[in-house]
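Encoded as structure tokens, the structure appears first; notes follow it.
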């Protein structure tokens, strides 16, 4: 069975601080994809990144970076120099030979 | 590209009535559509998967007679909540895929249902 664990339920940081959101996954599929989505108060999911199981290269996009480590089944997300607009719920998700399975989400509050 | 719309974006209905939510893929043909439900401050839980022209496959614990899913065309799937009760109040999100379950999923903006 596929499982995604986001142990951090809520995180609060002061603007300009860096913050890392943790994601640990479980799957028996050899080919799978990992995702991060942002869900602002409006509710609409915003796609942030997709990473396949064969690509362990870290990725950076502006203030966002992702660290994928197969050895620890983790796919962590770091926001550098956080801003108030980053406040949202962030979901890590996994897709193998099944539809997307989501973690419980981490609510990030960035305080000015 | 890959835009998915939902209608309505929010709906309020009385207990005991039925409500239909539409999910459309606007610029691609969706072979497979998925319906998720999200209760306040909780994660998205998959309710069912439907392939065009076939009956939907429901996840364990989801009542198929209560949540009727129709995927009659490659661009439209509907979710009908029958005899709605207050506990059905939730945020319903659809997603669409151009192929079977192991392919990319594109999400709609969601429909907020409130049953009074």
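Read-outs: derived from the displayed coordinates by stated rules, not from any lab. Only a predicted model underlies this, so the values are computations on that prediction, with no experimental measurement involved. Please note: Cβ atoms are built from the backbone with ideal geometry, for glycine as well, and neighbour counts cover all protein chains shown.
In nm², what is the average projected area of the convex hull enclosing the Cα atoms of the stretch B:48-116?
Value for the stretch B:48-116: 5.0 nm².
Counting pairs of alpha carbon atoms under 8 Å apart in space and at least six apart in sequence, what relative contact order in percent does the stretch B:43-84 give?
31
Give the relative contact order (percent, whole number) for chain B; include only Cα pairs under 8 Å separated by 6+ residues.
Value for chain B: 37 percent.
Give me the inter-chain shielding for B:43-54: mean count of other chain Cβ atoms within 10 Å, whole number please.
3
Place the peptides A:55-61, B:109-115, A:38-44 in order of packing, highest mean first, counting for every residue the other Cβ atoms within 10 Å and averaging per peptide.
On the way: A:55-61: 11.1, B:109-115: 18.6, A:38-44: 14.9.
Result, highest mean first: B:109-115, A:38-44, A:55-61.
Give me the Å³ per residue figure for the convex hull around the C-alpha atoms of the stretch A:1-76.
Spelled out: Cα convex hull of the stretch A:1-76, divided by residues, is 120 Å³.
For chain B, set up a GNM with springs between Cα atoms under 10 Å and report which of B:72, B:96, B:56 has the largest fluctuation.
Ranking B:72, B:96, B:56 by mean-square fluctuation puts B:72 first.
In whole percent, what relative contact order does chain A give with Cα contacts below 8 Å and a gap of six or more residues?
Result for chain A is 39 percent.
Given N residues in the protein assembly as shown, what is Rg(Cα) / (2.2 N^0.38 Å)? Write down the numbers at each step before the final one.
On the way: Rg = 17.9 Å, N = 228, 2.2 N^0.38 = 17.3 Å.
After normalising by residue count via 2.2 N^0.38 Å, the value is 1.03.
Using mean Cβ contacts within 10 Å as the protection proxy, how do A:14-22, A:101-109 order, highest first?
Numbers: A:14-22: 14.6, A:101-109: 20.2.
Highest-to-lowest ranking by the protection proxy: A:101-109, A:14-22.
Cα convex hull of chain B: how many Å³ per residue?
Considering the Cα atoms of chain B, their hull volume per residue is 93 Å³.
For A:90-99, what's the mean count of beta carbons from other chains sitting within 10 Å of each residue's beta carbon?
The mean count of partner-chain Cβ atoms within 10 Å per residue comes to 4.
For the stretch A:44-112, what are the per-bin percents of Cα-Cα distances with bins 5 Å wide, up to the bin holding the maximum?
All Cα pairs, binned at 5 Å, distribute as 3, 13, 24, 26, 19, 10, 3, 1, 0 percent.
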